[in-house]
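Report on the structure given below.
Bear in mind these aren't lab numbers, they're just calculated from the coordinates by the rules spelled out. Please read all numbers here as calculations on a predicted model, not as lab measurements. Counting neighbours? That spans all protein chains shown, and the Cβs are built from the backbone with ideal geometry, glycine included.
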Amino acid sequence: MITVYGIKTCGSVRSALKFFKDNNIEVEFFDFKKETPSADKIKTWTTKADINILFNNKGTKYKTLNLKELNLDDNGKYEWLCKEPLLFKRPVIEFDDKLVVAWDEELYKKTFL
């Protein structure tokens, strides 16, 4: 099963969900606004993708929390991701013990079609 993690108002998440729908690929959606992934899940993700890919330092939440001033190391980024799932670069897609982060139509075509 493919699980798409994100928020429904995010353009990248909408593009990913549309890609799966257009290609008749069934996915499960995990809404970061309603739930937070477990610390264990996030730790597992950091073994499959670099934390700097998972951590969105360009988003609104990053800016409103003034995180740039904290000059976070990898452990600090991990701790913030555990507390605030809107700091993830979206979407995070989990499947077959693998992880794809962000919207990239060409990568999705190679990976899922």
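Cα centroids of the stretch 3-30 and the stretch 75-113: 12 Å apart. Listed by chain and number, the aspartates and glutamates whose alpha-carbon sits under 15 Å from that of Lys48, ignoring those within fewer than 8 places in the same chain, are Asp40, Asp74, Glu94, Asp96, Asp97. For the chain, what log10 I(q)/I(0) values come out of the Debye formula at q = 0.21 1/Å, with one point per alpha carbon and no solvent? Relative scattering, expressed as log10 I(q)/I(0), comes to -1.18. How large is log10 I(q)/I(0) at q = 0.26, 0.30, 0.33 Å⁻¹ when the Debye formula is applied to the Cα atoms of the stretch 16-63, each weighted equally and without solvent? Treating every Cα as an identical point scatterer, log10 I(q)/I(0) equals -1.07, -1.04, -1.05.
Could you tell me which of rounded, prolate or oblate describes the stretch 57-113, using a ≥ b ≥ c as the square roots of the eigenvalues of the alpha-carbon gyration tensor, with rounded for a/c under 1.5 and, failing that, prolate when a/b is larger than b/c and oblate otherwise? Taking the square roots of the gyration eigenvalues as a ≥ b ≥ c, the stretch 57-113 is prolate.
For the stretch 2-112, averaging the sequence separation of C-alpha pairs within contact (under 8 Å, six or more residues apart) and dividing by the residue count gives a relative contact order of 37 percent. Here is how the number arises for the chain: DSSP H runs of 4 or more residues each give -39500 (n - 2.57), the sum is divided by the residue count, and the result at 222 nm is -11500 deg cm²/dmol.
What is the dipole size for the chain, taken about its Cα centre, with +1 at each Lys and Arg Cβ and -1 at each Asp and Glu Cβ, in debye to the nearest 20? Show your work: numbers first, answer last.
On the way: 20 positive and 18 negative charges, 90 e Å.
So the dipole magnitude of the chain works out to roughly 440 debye.
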